[in-house]
1. Among the residues of segment 2-31 satisfying the criterion of being at pLDDT 95 or above and among the small types (Gly, Ala, Ser), which is most open to solvent (accessible area, probe 1.4 Å)?
2. Could you list, in sequence order, all residues of segment 171-213 that are closer than 30 Å to Pro67 by Cα and either without any contact (Cβ under 8 Å) to a residue 12 or more places away in the chain or more than 17 Å from the chain's Cα centre (by Cα) (or both)?
3. Considering (1) over 30 Å from Thr20 (Cβ atoms); (2) open to solvent by 50 Å² or more (accessible area, probe 1.4 Å), say which one Gln147 fails and leave the rest.
4. Residue by residue through segment 110-132, note down the ones that are open to solvent by less than 40 Å² (accessible area, probe 1.4 Å), under 20 Å from Pro67 (Cβ atoms) and assigned to a helix (DSSP H, G or I).
5. Being small (Gly, Ala, Ser) and exposed (fewer than 15 other Cβ atoms within 10 Å of the Cβ) is the filter; apply it to segment 215-234 and report the residue that is farthest from Pro159 (Cα to Cα).
6. Can you confirm whether segment 99-106 contains a residue that is at negative phi, open to solvent by 50 Å² or more (accessible area, probe 1.4 Å) and hydroxyl-bearing (Ser, Thr, Tyr)?
7. Could you give every pair whose Cβ atoms fall below 6 Å, whose first residue belongs to segment 57-75 and is among the β-branched types (Val, Ile, Thr), and whose second residue is surrounded by 15 or more Cβ atoms within 10 Å (Cβ to Cβ), counting only separations of at least 6 or pairs across chains?
8. Of everything in segment 133-143, what is surrounded by fewer than 21 Cβ atoms within 10 Å (Cβ to Cβ) and assigned to a loop (DSSP other than H, G, I, E, B)? Give them in sequence order.
Amino acid sequence: MITNWLIGILRGIGTLLGLTLLSALIPVVRWGFGTDRAHKFTLGGLRVLCWALTLNPRVNGKFASQPALYLCNHPSYLDILFAVGQTPSVLVAADEFRSAPFIGWLGRALQTVWVRRKCPLSRSRVRETVVRKVKEGTSVFVFPEGQTTGAHAVQEVKPGLFRTAVEESLPIAFLSIRYSNPAPLYFHTMGPGFFRDWLRHAWHVLCQPQLGVVLKVSVPMYYSSPEQAQEAFYAFHQRHLRRAA
């Protein structure tokens, strides 16, 4: 028990320091050396964070060398560590976390696209931003379930982005994330007591001896209808779930 507590404290301190340093340095690297160098720096920094958390992601498939819209499942908050491709990329995330310490700092440093999930106008503007980003050469990672689900089985997704992607002829790829240790799985509704509950969850994760994760990446494809794209999204994650079981 004492050993687990010590592990949790050391990992917690290392993670907070890493998030703070990345948040401060990424904009500096982007300003001084450009977007591509900042992206490589980000990849290296996130690998260090994964190492500190004993996450050693095993990747099946390859991220595309061209920009694409990546649609991901969302079983855990740790998913954000993997929502970055081999080309410059941004993440779409809930606006509630923009002002949060550490995570919000990193999100702003990474030029995250913030969405107010209950605001139709915000969701519409985010879809326009996603289209512009991909067409300008930046990959975009989105969790279409809308929140962490606490399970590997995919929940019902929001259809708006699928419709926009098909109408705008965006290449769509899928990223499926599966943890071998169930500790990171977390469901939230952003209701009262959320942060207190999340802190208990985070402490439980930090005390784990090991956290394995497998990432499955698909090849970007174009779809003829939103329904076809949604069916492909569900099928891809279901196949990964069965094979990893």
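The values are calculated or read from the model by the stated rules, or taken from the named source; none is laboratory data. Keep in mind that this is a model prediction, so the values were computed, not measured. Cβ: placed from backbone, ideal geometry, glycine included. Neighbour counts: every protein chain shown. Quick note on the areas: whole protein, heavy atoms, side chains included, nothing else; ligands and nucleic acids left out. Shrake-Rupley method; radii C 1.70, N 1.55, O 1.52, S 1.80 Å.
1. Ala24
2. Within segment 171-213, Pro171, Ser180 meet the criteria.
3. All conditions are met except number (1).
4. Residues satisfying the conditions are Val126, Thr129, Val130, Val131.
5. Start the filter on segment 215-234 by keeping residues that are small (Gly, Ala, Ser), which leaves 218, 224-225, 229, 232.
Still in the list and also exposed (fewer than 15 other Cβ atoms within 10 Å of the Cβ): 224-225.
On the way: Ser224: 14, Ser225: 11 Å.
In this case the residue turns out to be Ser224.
6. At the first step, the residues of segment 99-106 found to be at negative phi are 99-101, 103-106.
Pick out the ones that are also open to solvent by 50 Å² or more (accessible area, probe 1.4 Å) and you get 99, 101, 103, 105.
Next, from what is left, pick out any that are hydroxyl-bearing (Ser, Thr, Tyr): 99.
Yes: segment 99-106 contains one or more residues that are at negative phi, open to solvent by 50 Å² or more (accessible area, probe 1.4 Å) and hydroxyl-bearing (Ser, Thr, Tyr).
7. Short answer, once both residue conditions are applied: Val59/Leu215.
8. Gly137, Thr138
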